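Participant: Structure below; questions to follow.
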Amino acid sequence: MANISELGQLQTSEPLDFDIYKDAQDLPPLPSAGEYVVRAPEMFLQEAFGKTRANHLSVQVDPTIIGPTNEGYVIRFTKVSAKTFKRGGVTVSQLGDYLRAVGWTQKLITEQEKADAVELTTNLTYRVMTDWRAYDKNDDGTAFVVEGMTNFPSDGNGGYSPFVSNPGHKDLITGEPVLVRANLVVRRYVPAAAQV
């Protein structure tokens, strides 16, 4: 029997009841890159509102796909930033693109007004263009990134595998490259005016 007394003072955890234990489930299939109709969250918790490293307002807007396929798939970790940049000489932002996709037309001045506007988008539908992105850190601290579904390996059935080997990050036990799974990411919010 293992003698864990040599480990010192351990943090006590809750008991495990295997009569009601919830097993881990397989990940749902990754939707193909493309255009989807999505729905904004049913509510925005306070935790959805944050700030970027440069102290700009950031909101996690994780949309749920409602069609034309992959209904119910949540595009997790989708954040929009209020940091502005120029597009065609006009001031825009990711947050502005999100609001335009749901049909927002009113001018927004303060960060509070922008946050309030996002909060009013609950359950609204809009369109997004999506693609795949895999991200992992290499053993030397650099980043390994693969972007674009067509840059992933073939699945052998005319499609693409959402898993890619990261040669710069080795498994500690086997020494083999770590497999990294792609995530579905929003590449562009389709403005409501273009959603005719």
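Participant: Name the residues in the range 135-148 that are touching an Asp or Glu at 6+ places or on another chain (Cβ under 8 Å) and in contact (Cβ under 8 Å) with a residue 24 or more places away in the chain, would you?
Facilitator: Residues satisfying the conditions are PHE144, GLY148.
Participant: Which residues, counting only those in the range 70-107, are farther than 17 Å from ARG188 by Cβ and part of a helix (DSSP H, G or I)?
Facilitator: None; the set is empty.
Participant: Among (1) closer than 26 Å to THR130 by Cα; (2) modelled with pLDDT under 85; (3) charged (D, E, K, R), which single condition is GLU6 missing?
Facilitator: (1)
Participant: Looking at this structure, is GLY88 in contact with a strand residue (DSSP E or B) (Cβ under 6 Å, 6 or more places away or on another chain) and at positive phi?
Facilitator: no
Participant: Among the residues in the range 57-79, are any among the acidic types (Asp, Glu), surrounded by fewer than 19 Cβ atoms within 10 Å (Cβ to Cβ), closer than 23 Å to ASP116 by Cα and in the same structural domain as ASP116 (by TED's automatic domain parsing)?
Facilitator: yes
Participant: Across the range 1-42, which residue is surrounded by the fewest Cβ atoms within 10 Å (Cβ to Cβ) among those that are outside any loop (DSSP other than H, G, I, E, B) and either at positive phi or of a type in the set (Gly, Ala, Ser) (or both)?
Facilitator: Of everything passing the filter in the range 1-42, SER5 is surrounded by the fewest Cβ atoms within 10 Å (Cβ to Cβ).
The values are calculated or read from the model by the stated rules, or taken from the named source; none is laboratory data. Since the model is a prediction, treat every value here as computed from it, not as a measurement. Glycine gets a Cβ as well: all are built from the backbone with ideal geometry, and neighbour counts include every protein chain shown.
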